[in-house]
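See below for the structure under consideration.
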Amino acid sequence: ENEDGGREYSVSTEGLLQALGPEFVDTELSEEQLREFGFSSYADLQKLSGQIRDNLQIGIRLYYLLMPVYEVNENLDASCCSILFCKALELRMQECFRENLKRLFPDQKIRGQGKGRGMVALF
């Protein structure tokens, strides 16, 4: 939100996650692929909550789907994957810090989700 309270932009990955076909979404990642992204096992990834886990899984799948294209075309980047990873990080930070931030900054306006929810405007 800007200073006037209007929304400047929104980065929601929910529509993308819902639009992908089940054959892409349901394809399991290999143990090796998960290890490359810091997970010791699939069970490790499953410990994360819904949208966090979904954003990470789709980001990893997209990375491996597009890797051959990146290898032959150096002008492309993995920004579509990065957006999903950033969204997962944002959601995880909200999950971990939301209550403490609300307690520490009770009068601070919360950006993007109305007062009392989401990350405070300071961050």
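The values are calculated or read from the model by the stated rules, or taken from the named source; none is laboratory data. Remember, it's a predicted structure, so these values are computed and weren't measured experimentally. Note that each Cβ is placed from the backbone with ideal geometry, even for glycine, and that neighbours are counted across all protein chains shown. SASA here: full protein model, heavy atoms, side chains in, ligands and nucleic acids out. Shrake-Rupley method; radii C 1.70, N 1.55, O 1.52, S 1.80 Å.
Checking each residue in the range 27-52 for being open to solvent by 30 Å² or more (accessible area, probe 1.4 Å) and either among the hydrophobic types (A, V, I, L, M, F, W, C) or touching a residue at least 24 places away in the same chain (Cβ under 8 Å) (or both) picks out THR27, GLN33, PHE37, PHE39, ALA43, LEU48, SER49, GLN51. Within the set ARG61, ARG98, the sole residue that is surrounded by fewer than 19 Cβ atoms within 10 Å (Cβ to Cβ) and assigned to a helix (DSSP H, G or I) turns out to be ARG98. Of all the criteria given as (1) modelled with pLDDT under 90; (2) within 26 Å of MET93 (Cβ to Cβ), the one not satisfied by ASN55 is (1). Quick check on ARG92: is it touching a helix residue (DSSP H, G or I) at 6+ places or on another chain (Cβ under 9 Å), among the basic types (Lys, Arg) and open to solvent by less than 30 Å² (accessible area, probe 1.4 Å)? So ARG92 fails the test.
Can we say GLU74 is open to solvent by 70 Å² or more (accessible area, probe 1.4 Å), modelled with pLDDT of 90 or more and of a type in the set (D, E, K, R)?
no
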